[in-house]
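S.K.: Just dropping this structure here.
The values are calculated or read from the model by the stated rules, or taken from the named source; none is laboratory data. Keep in mind that this is a model prediction, so the values were computed, not measured. No Cβ is skipped: glycine too gets one built from the backbone with ideal geometry, and neighbour counts run over all protein chains shown.
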Amino acid sequence: MVSVKTPLAVTCGEPAGIGPDITLMSWAARKTLSLPTFYLRGDPGFIGRRARRLGLDVPVQVVEPEEAIGCFSKYLPVVATGDPVDDRPGEEAEETAHAVIASIEASVQDVREGRAGGVVTNPINKAALYSAGFTYPGHTEFLGHLANTHWPDGPYLPVMMIAGPELMVVPITIHIALKDVPLALTEDLIVETGRITANDMKTRFGFSAPRLAFCGLNPHAGENGAMGTEDQSVIAPALERLRSEGIDVTGPLPADTMFHPQARQQYDCALGMYHDQVLVPAKTIGFDESVNVTLGLPFVRTSPDHGTAYALAGSGKARPDSFAASLRMAAVLSDPSTL
Ligand SMILES: NC(=O)C1=CN([C@@H]2O[C@H](COP(=O)(O)OP(=O)(O)OC[C@H]3O[C@@H](n4cnc5c(N)ncnc54)[C@H](O)[C@@H]3O)[C@@H](O)[C@H]2O)C=CC1
Ligand SMILES: NCC(=O)COP(=O)(O)O
C-alpha cells in the first residue's frame, strides 16, 4: 500500500449518487488498489447503511483526522461532518445540500490546518446544490473561492485539468453556457490559464518543458477569419505572449484533428476554449482512468472524472477506478516521495 504521512480528506459528495459506493468499494479493495490513507468527511451512520446495502463488509470508525492513519488498515475512518442524511440512492433531496457543502468546506479547512495532505472530492449534483442556494458553478470555482478566502498570497485562479494516462486536457472556460464562451474568452484568461498549466505541469507533474497545444474556438481555427475571428484576434495574440515568456505553445489548432493518436504525440496537454471541446476527447479516451485535478490552487484537490451516476447508486455496479486513481494522484501530488 502507498503510505502517506498525512491522510487525504475525502468529501461525501451527493449522498444519492455513487460517491459513497466508490468510497466504500475503494476502501474494501485498498490493498489491491494501492491506496493511500484517507478519511471520509460525512455522516458515519449513512455510510454504514450504504455499505450494508451494497453487501460490503466495511467497518466504520468515527475519528478525528489525525487518528485516520492509525485505524485505516482495519476501519474506514469517518470524521462526522454535517447533518445526518438518509440512504436513498438516486433520490436527490434538497435538504442534504448543507451536508454536501459542509463536507467540502471542512476538508479544505483540514488541509489549511495541516490535518490532511489534500482533498479528494466525490461527485456533487450541481443542479441540486443550485436549488439550495449554492452559487458556484462547480467544485472548481468553489475551491478557488475557499483558497482566496483562507490562504494568503492570492489571488488564485482555479484551473480544471482532466489528467489521464493518454491525454491531459484543460478547458479555459469551464462551467458556462456555450453562448457566453466568446465573451468570456479574453486574452488575459488564456494567458493566465496557460501560465498556470505550464507551471503546474512542471512543479507538480514533473514535465521539464511541457508542450501546450491550444485549440481554436471556431471550425478549422477560424479558416483565416472566414469562420470566426476570435482565433486570430484573441487566441493567437495570447499564445504569442505565452511564447514570449518561454512557454512551449502551439496553436490555435483546428480542434477536430487534435485528438487522434498521432496528433496526441505532439503535445503534453491540450487546452480547449470550452468545457466539452476537451472533456469529450478526455472522457472518451480515458473515462475509467482519468482524474479531475484542480491546478492553480495552494493545495491539492483531485476528483474522479465522472458525476453522480444516479442510476448506479446503491447497485454495486459503479466502477471505483477513477476515484482510486484520484486518491493515488492526490497522494503523489501532496507528497512526491509517496510512491
Ligand atoms: N466532480 C463532480 O462533482 C462532477 C459532477 N457531475 C454531476 O453529476 C451529475 C450527473 O452527470 P452526468 O453528465 O450524467 O455524468 P455521470 O458521469 O454521472 O454519468 C455519465 C454516464 O457514465 C456512467 N458512469 C459514471 N460514473 C461511472 C462509474 N464510476 N462507473 C460506471 N459507470 C459510470 C453513468 O452511469 C452514465 O451512464 C450532474 O449533476 C453533474 O453536474 C458531473 C461530473 C463531475
Ligand atoms: N465535467 C467535470 C466537471 O464538471 C467537474 O466539475 P467540478 O465540480 O470538479 O468543478
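S.K.: Of the residues Phe205, Phe214, which single one is surrounded by 15 or more Cβ atoms within 10 Å (Cβ to Cβ), outside any loop (DSSP other than H, G, I, E, B) and more than 16 Å from ligand 2 (Cβ to nearest atom)?
M.R.: Values: Phe205 fails: outside any loop (DSSP other than H, G, I, E, B).
Of Phe205, Phe214, the one residue that is surrounded by 15 or more Cβ atoms within 10 Å (Cβ to Cβ), outside any loop (DSSP other than H, G, I, E, B) and more than 16 Å from ligand 2 (Cβ to nearest atom) is Phe214.
S.K.: Checking Arg53 against (1) in a strand (DSSP E or B); (2) touching a residue at least 40 places away in the same chain (Cβ under 8 Å); (3) away from ligand 1 (no atom under 16 Å from the Cβ); (4) not acidic (Asp, Glu): exactly one of these is not met. Which one?
M.R.: Failing condition for Arg53: (1).
S.K.: Examine the stretch 115-126 for a residue that is without any contact (Cβ under 8 Å) to a residue 24 or more places away in the chain and either more than 16 Å from ligand 2 (Cβ to nearest atom) or farther than 19 Å from His306 by Cα (or both), and state whether such a residue exists. Give the steps one after another, and end with the answer.
M.R.: Looking only at the stretch 115-126, we keep the residues that are without any contact (Cβ under 8 Å) to a residue 24 or more places away in the chain, and these are none.
So far as the stretch 115-126 goes, no, none of its residues is without any contact (Cβ under 8 Å) to a residue 24 or more places away in the chain and either more than 16 Å from ligand 2 (Cβ to nearest atom) or farther than 19 Å from His306 by Cα (or both).
S.K.: Further question on the same structure: Which numbered condition in (1) without any contact (Cβ under 8 Å) to a residue 40 or more places away in the chain; (2) more than 24 Å from Asp335 (Cα to Cα); (3) away from ligand 1 (no atom under 15 Å from the Cβ) is the only one that Lys74 fails?
M.R.: (2)
S.K.: Okay, next question. Answer with yes or no whether Ile69 is surrounded by fewer than 21 Cβ atoms within 10 Å (Cβ to Cβ), of a type in the set (Val, Ile, Thr) and more than 16 Å from ligand 2 (Cβ to nearest atom). Full working, then the answer.
M.R.: Numbers: surrounded by fewer than 21 Cβ atoms within 10 Å (Cβ to Cβ): yes; of a type in the set (Val, Ile, Thr): yes; more than 16 Å from ligand 2 (Cβ to nearest atom): yes.
Here the answer is yes, as Ile69 does meet what is asked.
S.K.: Oh, and also: With respect to Val280, is the statement that it is within 16 Å of ligand 2 (Cβ to nearest atom) and surrounded by fewer than 18 Cβ atoms within 10 Å (Cβ to Cβ) true? Walk me through how you get there before you give the answer.
M.R.: Numbers: within 16 Å of ligand 2 (Cβ to nearest atom): yes; surrounded by fewer than 18 Cβ atoms within 10 Å (Cβ to Cβ): yes.
Spelling it out, Val280 is indeed within 16 Å of ligand 2 (Cβ to nearest atom) and surrounded by fewer than 18 Cβ atoms within 10 Å (Cβ to Cβ).
S.K.: Can you pull out every residue in the stretch 255-280 that is in a loop (DSSP other than H, G, I, E, B) and without any contact (Cβ under 8 Å) to a residue 40 or more places away in the chain? It would help to see each step written out before you state the result.
M.R.: Just the residues of the stretch 255-280 that are in a loop (DSSP other than H, G, I, E, B), to begin with: 258-260, 265-268, 273-274.
Once the filter is applied, which keeps residues that are in a loop (DSSP other than H, G, I, E, B) and without any contact (Cβ under 8 Å) to a residue 40 or more places away in the chain, the stretch 255-280 yields His260, Gln265.
S.K.: Something else about it: What is the one condition in (1) in the same structural domain as Thr11 (by TED's automatic domain parsing); (2) buried (at least 21 other Cβ atoms within 10 Å of the Cβ) that Ser337 does not satisfy?
M.R.: All conditions pass for Ser337, except number (2).
S.K.: Got a sec? Which of Thr121, Thr96 is within 11 Å of ligand 1 (Cβ to nearest atom), under 20 Å from Ile22 (Cα atoms) and buried (at least 24 other Cβ atoms within 10 Å of the Cβ)? Steps first, please.
M.R.: On the way: Thr96 fails: within 11 Å of ligand 1 (Cβ to nearest atom).
The conditions single out Thr121.
S.K.: Turning to a different aspect of this structure: Taking Gly114 as meeting all but one of (1) within 16 Å of ligand 1 (Cβ to nearest atom); (2) surrounded by fewer than 19 Cβ atoms within 10 Å (Cβ to Cβ), write down the number of the exception.
M.R.: The failed condition is (1).
S.K.: Run Tyr310 past the list (1) assigned by TED's automatic domain parsing to the domain that holds Gly48; (2) aromatic (Phe, Trp, Tyr); (3) over 26 Å from Pro20 (Cβ atoms) and report the number of the one that doesn't hold.
M.R.: Going through (1) assigned by TED's automatic domain parsing to the domain that holds Gly48; (2) aromatic (Phe, Trp, Tyr); (3) over 26 Å from Pro20 (Cβ atoms) one by one, Tyr310 breaks only (3).
For every residue, the table says whether it meets (1) over 12 Å from the mean Cα position of the chain (by Cα); (2) within 22 Å of Ser103 (Cα to Cα); (3) small (Gly, Ala, Ser).
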residue: Lys126; (1), (2), (3): yes, yes, no
residue: Ala132; (1), (2), (3): yes, yes, yes
residue: Pro137; (1), (2), (3): yes, yes, no
residue: Leu146; (1), (2), (3): yes, yes, no
residue: His150; (1), (2), (3): yes, yes, no
residue: Gly154; (1), (2), (3): yes, no, yes
residue: Val159; (1), (2), (3): no, yes, no
residue: Ala163; (1), (2), (3): no, no, yes
residue: His175; (1), (2), (3): yes, yes, no
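S.K.: Then there is this: Among the residues of the stretch 1-15 satisfying the criterion of being surrounded by fewer than 24 Cβ atoms within 10 Å (Cβ to Cβ) and either among the hydroxyl-bearing types (Ser, Thr, Tyr) or at pLDDT 95 or above (or both), which is nearest to Ala128 (Cα to Cα)?
M.R.: Thr6
S.K.: Hey, another quick one. Which one is farthest from ligand 2 (Cβ to nearest atom) among residues in the stretch 149-187 that are charged (D, E, K, R) and not assigned by TED's automatic domain parsing to the domain that holds Val111?
M.R.: Here is the first cut: in the stretch 149-187, the residues charged (D, E, K, R) are 153, 166, 179-180, 187.
Checking the rest, the ones that are also not assigned by TED's automatic domain parsing to the domain that holds Val111 come to 166, 179-180, 187.
Working: Glu166: 18, Lys179: 18, Asp180: 16, Glu187: 24 Å.
This residue is Glu187.
S.K.: State whether the residues of the stretch 261-270 include one that is within 16 Å of ligand 2 (Cβ to nearest atom) and under 15 Å from Val170 (Cβ atoms). Explain how you work it out, then say what you get.
M.R.: Within the stretch 261-270, the first condition is being within 16 Å of ligand 2 (Cβ to nearest atom), and the residues that meet it are 270.
With the extra rule that they be under 15 Å from Val170 (Cβ atoms), the set shrinks to 270.
Yes, that holds for at least one residue.
S.K.: Hey, another quick one. Does Glu92 meet the test of being among the charged types (D, E, K, R), in a loop (DSSP other than H, G, I, E, B) and either under 13 Å from Gly13 (Cα atoms) or within 16 Å of ligand 2 (Cβ to nearest atom) (or both)? Walk me through how you get there before you give the answer.
M.R.: Working: among the charged types (D, E, K, R): yes; in a loop (DSSP other than H, G, I, E, B): yes; either under 13 Å from Gly13 (Cα atoms) or within 16 Å of ligand 2 (Cβ to nearest atom) (or both): yes.
Criteria met by Glu92.
S.K.: Just wondering, is there one or more residues in the stretch 18-37 that are buried (at least 24 other Cβ atoms within 10 Å of the Cβ) and part of a loop (DSSP other than H, G, I, E, B)?
M.R.: Looking through the stretch 18-37, at least one residue is buried (at least 24 other Cβ atoms within 10 Å of the Cβ) and part of a loop (DSSP other than H, G, I, E, B).
S.K.: Take the residues in the stretch 241-252 that are out of contact with any strand residue (DSSP E or B) (no Cβ under 6 Å at 6 or more places or on another chain) and touching a residue at least 12 places away in the same chain (Cβ under 8 Å), then tell me which one is surrounded by the most Cβ atoms within 10 Å (Cβ to Cβ). Working first, answer last.
M.R.: Kept after step one, since they are out of contact with any strand residue (DSSP E or B) (no Cβ under 6 Å at 6 or more places or on another chain), are these residues of the stretch 241-252: 241, 244-247.
Restricting the remaining residues to those that are touching a residue at least 12 places away in the same chain (Cβ under 8 Å) gives 241, 245, 247.
Values: Arg241: 16, Glu245: 11, Ile247: 19.
Restricting to residues being out of contact with any strand residue (DSSP E or B) (no Cβ under 6 Å at 6 or more places or on another chain) and touching a residue at least 12 places away in the same chain (Cβ under 8 Å), the top hit is Ile247.
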